[in-house]
Amino acid sequence: MYNSELEKEIAGLANQSMPYLKDLWESYFDESAPLFNKATLVNKLAYRMQELEFGGLSTDTHNMLRDLIKGKKIKRRVKAFRPVAGTRLMREHGGTDHYVTVLSKGFEYQGDHYKSLSAIATLITGTRWSGNAFFGLTSRKERIS
């Protein structure tokens, strides 16, 4: 059911007690847990666990966010979002859940390696699709322009 121990651990976070989650927070952040509700604590812990396992945001993303915080308009066209290796994408189509794992080079779907998400989307639907659009990696606004 799970591809890794990390997935299993993250899936089980919601079933843990608040004292356990607060202890886990301290082990990942080296500080006391903030006064979050359980759902927020679980989400932030899950993100941190994945960040440490697979890497955080790219330098380009950090710079873009810093510029946005400072109120600067982003003039450069942002290249297509590519999730970090290890990210698992899910899309329901035709009543079936389809899972894709992002690899360092390409994607894995049902045990096979693919160079693009578009190839996987086309395989799933039987028609040509933008893989980023099919798996929700671009917003509607980005697809129109």
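Check K8, K44, K38, K73 and return the single one that is surrounded by fewer than 11 Cβ atoms within 10 Å (Cβ to Cβ), basic (K, R) and either out of contact with any His (no Cβ under 9 Å at 6 or more places or on another chain) or touching a residue at least 60 places away in the same chain (Cβ under 8 Å) (or both). Break it down stepwise before answering.
Working: K8 fails: surrounded by fewer than 11 Cβ atoms within 10 Å (Cβ to Cβ); K44 fails: surrounded by fewer than 11 Cβ atoms within 10 Å (Cβ to Cβ); K38 fails: surrounded by fewer than 11 Cβ atoms within 10 Å (Cβ to Cβ).
Residue meeting the stated conditions: K73.
From the set of residues in region 86-137 that are polar (S, T, N, Q) and in a loop (DSSP other than H, G, I, E, B), which is farthest from F54 (Cα to Cα)?
Of all residues in region 86-137, those polar (S, T, N, Q) come to 87, 96, 101, 104, 110, 116, 118, 122, 125, 127, 130, 132.
Filter again for in a loop (DSSP other than H, G, I, E, B), leaving 87, 104, 110, 116, 127, 130.
Working: T87: 8, S104: 10, Q110: 21, S116: 20, T127: 32, S130: 25 Å.
The selected residue is T127.
Checking the conditions here, which among L68, L21, L6, L35 is touching an Asp or Glu at 6+ places or on another chain (Cβ under 8 Å) and aliphatic (A, V, I, L, M)?
Selected residue: L6, the only one of L68, L21, L6, L35 that is touching an Asp or Glu at 6+ places or on another chain (Cβ under 8 Å) and aliphatic (A, V, I, L, M).
Does P83 satisfy the criteria of being part of a helix (DSSP H, G or I) and either touching a strand residue (DSSP E or B) at 6+ places or on another chain (Cβ under 6 Å) or surrounded by fewer than 10 Cβ atoms within 10 Å (Cβ to Cβ) (or both)?
Numbers: part of a helix (DSSP H, G or I): no; either touching a strand residue (DSSP E or B) at 6+ places or on another chain (Cβ under 6 Å) or surrounded by fewer than 10 Cβ atoms within 10 Å (Cβ to Cβ) (or both): yes.
Spelling it out, it is not the case that P83 is part of a helix (DSSP H, G or I) and either touching a strand residue (DSSP E or B) at 6+ places or on another chain (Cβ under 6 Å) or surrounded by fewer than 10 Cβ atoms within 10 Å (Cβ to Cβ) (or both).
Given the options A80, A85, A121, name the one that is modelled with pLDDT of 90 or more and not acidic (D, E).
Working: A80 fails: modelled with pLDDT of 90 or more; A85 fails: modelled with pLDDT of 90 or more.
Among A80, A85, A121, only A121 is modelled with pLDDT of 90 or more and not acidic (D, E).
The values are calculated or read from the model by the stated rules, or taken from the named source; none is laboratory data. The shown structure was predicted, so the numbers you read here are calculated from the model rather than taken from an experiment. When we count neighbours, we look across all protein chains shown, and the Cβ atoms used for this are built from the backbone with ideal geometry, even at glycine.
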